[in-house]
Amino acid sequence: MNSHEKMLGLLDLFDGEENAVTVTIDEMHERLGYTRSTLYRYLKTLTDAGLLTSLPSVGYMLGPRIVELDYKIRTGDLLIRAARTVMEELAGQFRGIALLCRRYRFDVLCVHQESGTDAIHSGYERGRRRSLLHGAASLAILAYLPEHQLRKFHGDAAAQFAEAGFGETLRDAKAILREQRQRGWVSTAGDVTPGVTGIAAPVFDARAEILGSLSLTLPDAQLQARSLDDIAERVVFCAAVISKTIARS
């Protein structure tokens, strides 16, 4: 890695466990192996830019510039702006929780949430990342990964694919994902949260490439009074509206 990649590697220390809030110099030295002089030089650059900040006797944490950038994303991101109103209507209509997710490497990141009920709470909130292999919001993206990316992902995580029910080979996984594409939507029950069902459809960019997914989470008891196909049809329609809005932007 060059020096810039090494410096940005400091930010990755906050990108793992949920409780990775602060990191000390000693922890940085132990985990990254950089000399202390190099660490101090990188830390000065990052703190001057507002990307990190420090508290005496506590360590370093993400800085105020991150908060400022998050505000600009929440208010200016084209995907969120295209989806917000649609999500409000969808969540209100079915008294569920609508989630907007986008692909992030070989994971899925929740970027927006709208709730139309107090009956359930989704811990999959903005900024939380999950595997592409679990949950309707993730599977709706996985089904549309380009061939070369799916091959690489499967090559790196074949055991995880098998554990998630995609068979033992890439050919098995591709057959299952083909069926999901043909249907146009994905549903999972209790895959991430017990007692709820997720229904998701893909969202595409202007080049018709997979960008993310729109999903609706409903309590199982509430779902029994409605047709899954009817709800899925509405989710697919709303996802298509978002895709078309993005294409026109």
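Points worth noting:
- When the surface is traced with a 1.4 Å probe over the full set of protein chains, HIS121 keeps roughly 140 Å² accessible.
- When SER54, SER249 are compared by accessible area of protein heavy atoms, the largest-first order is SER249, SER54, using a 1.4 Å probe.
- When ARG128, ARG103 are compared by accessible surface with a 1.4 Å probe, the order from highest to lowest is ARG128, ARG103.
- Percent accessible area from carbon and sulfur atoms, the chain, protein chains only, probe 1.4 Å: 51 percent
- Overall, the ratio between the Cα radius of gyration of the range 52-95 and 2.2 N^0.38 Å, rounded to two decimals, is 1.83.
- Cross-link reach list, lysines versus LYS174, counting only Cα pairs under 28 Å and skipping chain neighbours closer than eight places: LYS152, LYS244
- Volume of the convex hull of the chain (Cα atoms only), normalised per residue: 157 Å³.
- Here the calculated FRET efficiency for ASP70 and LEU109, from their Cβ-Cβ distance with R0 = 22 Å, stands at 0.95, rounded to the nearest 0.05.
- Among residues other than THR197 with Cβ under 12 Å from its Cβ, the summed charge is -1 (Lys and Arg +1, Asp and Glu -1).
- ARG105 sits with roughly 140 Å² accessible to a 1.4 Å probe, with DNA, RNA and ligands left out of the calculation.
- Rounded, prolate or oblate (a/c below 1.5 giving rounded, otherwise prolate when a/b exceeds b/c) for the range 5-68 by Cα gyration tensor: rounded
- Tensor-based shape of the range 1-143 (alpha-carbon gyration tensor, a/c under 1.5 rounded, otherwise prolate or oblate): prolate
- Within the assembled protein chains, the solvent-accessible surface assigned to ASP229 is about 100 Å², based on a 1.4 Å probe.
- Over all other residues within a Cβ to Cβ distance under 12 Å of ARG103, the charged ones net out to +1, with Lys and Arg as +1 and Asp and Glu as -1.
- For the residues VAL23, VAL241, a 1.4 Å probe over the protein chains yields an accessible-area ranking, largest first, of VAL241, VAL23.
- In order through the range 99-108: 3J(HN,Hα) via Karplus (6.51 cos²θ - 1.76 cosθ + 1.60), integer Hz, x for Gly, Pro: 10, 10, 10, 10, 5, 9, 6, 10, 10, 10
The values are calculated or read from the model by the stated rules, or taken from the named source; none is laboratory data. Model, not experiment: these values are computed from the prediction. Virtual Cβ from ideal backbone geometry, glycine too; neighbours counted across all protein chains shown. These area figures cover heavy atoms from the full protein model, side chains too; ligands, DNA and RNA do not enter into them. Shrake-Rupley method; radii C 1.70, N 1.55, O 1.52, S 1.80 Å.
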